[in-house]
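Notes for the one structure printed next.
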């Protein structure tokens, strides 16, 4: 597939709005993609496999461009074009607006913004100095010169404030107060948001007139790498005095239902979840595990209603709480994540809500 054909497909799907079409066509992703990308467990080198490299770059796939040392865990990527198009549509920029981008990555999104609203109006911050340097180089090579800064984007860029828009390309569990303080009243903060239970949703916040809070809905189902200092951490805990029982729900209804998992995470943001295969279990089964750093629970995916399917330890019966939160989601009509929203204050308060800001949950 060529870049023009992919752009055609994005327009036909509705992900790419008409006002962004020309910018997408004239700012292809290959201008900003490193010569080596990681895909399906292997590095694809442009010089060695030019056709495969081009095929991936012109596909609607996220491309891993950097991994943590000694692992295959991604630390930077070029986002899926559909997601980039959706985010820019929700950002709703106009010529002359000043935009703060947090997470330069390859520089592609900064390039799209610079082409659309003028490079002088775009400030992009990247935590990794090497990535910032590479993004700056690629932008300059494309004759685009937005401001690219190496630093902690969660602190914003007070010297350049106020901005009319803030655009994050990494997920958070806590919306940085600097974003609210540095975006002017009526301005928009677009930020991937998730919990340790479910990552996540795209949150579109509008800063209040008094400038001390921001509120808005989740507008898309997206999953991004975490801002590095907000990656979920389960903490340390001991598993003892285990209590066994049957589960009141099939754990697949959580594991395979993003909207249910997202709602549960909003109600219990301190709860970490993972789904694992446990070969040493005599049942040899996958299981859902949840913990909060002190309490732990798991539920087997197979035979989930058996009398020993659930194991719980610690001061909380976490699987019972997950079951109750799931029942709440069902009673409320199984809302998808776009019915939820969040109000955030500069003091750090996060109030999730369903349908309207006054209908808080949690």
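Observations, loosely collected:
- Here region 129-160 is the region considered, the condition is being in a loop (DSSP other than H, G, I, E, B) and out of contact with any strand residue (DSSP E or B) (no Cβ under 7 Å at 6 or more places or on another chain), and the residue that is farthest from residue 193 (Cα to Cα) is 143.
- Residue among 175, 99 that is within 21 Å of the chain's Cα centre (by Cα), within 23 Å of residue 201 (Cβ to Cβ), crowded, with 22+ Cβ neighbours inside 10 Å and outside the structural domain of residue 23 (by TED's automatic domain parsing): 175
- Region 337-358, residues that are in contact with a helix residue (DSSP H, G or I) (Cβ under 8 Å, 6 or more places away or on another chain) and surrounded by fewer than 16 Cβ atoms within 10 Å (Cβ to Cβ): 347, 348, 355
- Candidates 65, 23, 109, filtered to the one that is assigned to a strand (DSSP E or B), assigned by TED's automatic domain parsing to the domain that holds residue 164 and touching a residue at least 40 places away in the same chain (Cβ under 8 Å): 65
- Inspection of region 226-242 finds no residue satisfying the criterion of being closer than 22 Å to residue 327 by Cα and either touching a helix residue (DSSP H, G or I) at 6+ places or on another chain (Cβ under 6 Å) or in contact (Cβ under 8 Å) with a residue 40 or more places away in the chain (or both).
- Screening residue 324 against (1) touching a helix residue (DSSP H, G or I) at 6+ places or on another chain (Cβ under 6 Å); (2) modelled with pLDDT of 95 or more; (3) assigned by TED's automatic domain parsing to the domain that holds residue 261 leaves a single unmet condition, (1).
- Every listed requirement among (1) loosely packed, with under 15 Cβ neighbours inside 10 Å; (2) in contact with a strand residue (DSSP E or B) (Cβ under 6 Å, 6 or more places away or on another chain); (3) part of a helix (DSSP H, G or I) is met by residue 266 save one, (1).
- If you go through region 68-94 and keep only what is in a loop (DSSP other than H, G, I, E, B) and closer than 23 Å to residue 31 by Cα, you end up with 79, 80, 93.
- Within region 290-299, the residues that satisfy the criterion of being in contact (Cβ under 8 Å) with a residue 40 or more places away in the chain and assigned to a strand (DSSP E or B) are 290, 291, 296, 299.
- Residue within region 339-350 that is outside any strand (DSSP E or B), modelled with pLDDT of 95 or more and over 30 Å from residue 209 (Cα atoms) present: no
- Residue that is nearest to the chain's Cα centre (by Cα), among those in region 311-334 that are surrounded by fewer than 16 Cβ atoms within 10 Å (Cβ to Cβ) and part of a loop (DSSP other than H, G, I, E, B): 334
- Within the set 91, 31, the sole residue that is within 24 Å of residue 219 (Cα to Cα) and touching a residue at least 12 places away in the same chain (Cβ under 8 Å) turns out to be 91.
The values are calculated or read from the model by the stated rules, or taken from the named source; none is laboratory data. Predicted model, so just to flag it, every value in this text is computed and none were measured. Please note: Cβ atoms are built from the backbone with ideal geometry, for glycine as well, and neighbour counts cover all protein chains shown.
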